[in-house]
Amino acid sequence: MHAQLGDRLVVEGPAAGVVRRDGEIVGLHHDDGTPPYDVCWSDTGEVTLVFPGPDAHVDHSGHEEGPEETRGGPAPAEPAPGAGRPGDFGRRVAAARRRQGLSLEETAGRARMSPQYLAYLEQRPSEPGSATVLRLADALATTLCALRGGDQELPPGQGRALLHPRMTDLSQEECRSLMSTHGVGRIALITPEGPAAFPVNYDVMDEAVFFRTAPGSAPAGAVGSDVAFEVDHLDEAMSRGWSVLAVGRAEAVDDPEAVGRLEEDRPCDVAGRHAPGTAPHRL
């Protein structure tokens, strides 16, 4: 049995010709294309190491071998910045690899896997088995927990810092762009009990920040006062992030036209549903 990257491995059921399972071959372990193969199964999307049995065959349809292509496939190229949509696991692996100054081939050799499979893990959403993650963690001098994001429920900012951290000031245009899509931010104000910050859903319209809250709540009491509004994003996998802070006077929105526009495209509150009797406020 011989295969190339991109071929399909088909496993037949007891009845001849009935497909029991199939998947794309995403990694080779031998240059001549002989088993075993790393297969991404079409039914689950999981990638596993497969030693095909007598009930399996390779489907080469749609894959023509060019004159310069070998059975082992071309050497995997480094993914271009921003190319594709890799999963968080792949991004963590790529970031850890670059911190160690290792190439795909060097890392794959240390982890005892094909470079093609490692490239697949980095460039595509994937959830490999524990044995694969442990080999990668050992090769990259990190832990299984770190590669799988086991610290995601911890407060943000506990990831490993870059060797040469750099802070960059954002322009007003960049700040507006980052805040332009609604989400969850924090409004900071002075309450009778002292300073406090509250998470609120918000939207941006006409360069103003709008949020919805219930009458009588602490954020509603900010009407007529100067408040601060902050929204941020922290990418633990890539050890980078951004933060935007806006300061202004909070006002209740009572213009029917403005309220109607907000009602057409209003974000849900933090709990995932709108509370009855809530009113929009503007910052």
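Couple of notes before you dig in:
- A Förster radius of 22 Å, combined with the Cβ-Cβ distance separating residue 88 from residue 42, puts the computed FRET efficiency at roughly 0.45.
- Per-residue extension of 0.36 nm, minus the Cα-Cα distance of residue 105 and residue 10, leaves a gain of 31.4 nm for this segment.
- Packing around the peptides 7-13, 113-119, 23-29, 37-43, taken as the average count of other Cβ atoms within 10 Å per residue, puts them in this order, highest first: 113-119, 23-29, 37-43, 7-13.
- Each label point was placed 7 Å from the Cα along the Cα-to-Cβ direction; for residue 188 and residue 127 their separation is 3.8 nm.
- Net charge in the neighbourhood of residue 10 (other residues with Cβ under 10 Å of its Cβ; Lys, Arg +1, Asp, Glu -1) is -2.
- Taking a quarter of the surface of the Cα convex hull of segment 114-153 gives a mean projected area of 3.0 nm².
- FRET efficiency for residue 254 and residue 166, using Cβ-Cβ distance with R0 set to 45 Å, rounded to 0.05: 0.50
- Estimated FRET transfer efficiency (residue 55, residue 32; beta-carbon r; R0 25 Å; 0.05): 0.65
- Local charge for residue 100 was computed over the other residues whose Cβ lies under 11 Å away, with Lys and Arg +1 and Asp and Glu -1, and equals +3.
Each value in this text was obtained by applying a stated rule to the coordinates, not by laboratory testing. This structure is a prediction, so every number in the text was calculated from the model and none was measured. Positions of Cβ are backbone-derived with ideal geometry, glycine not excepted, and every protein chain shown enters the neighbour counts.
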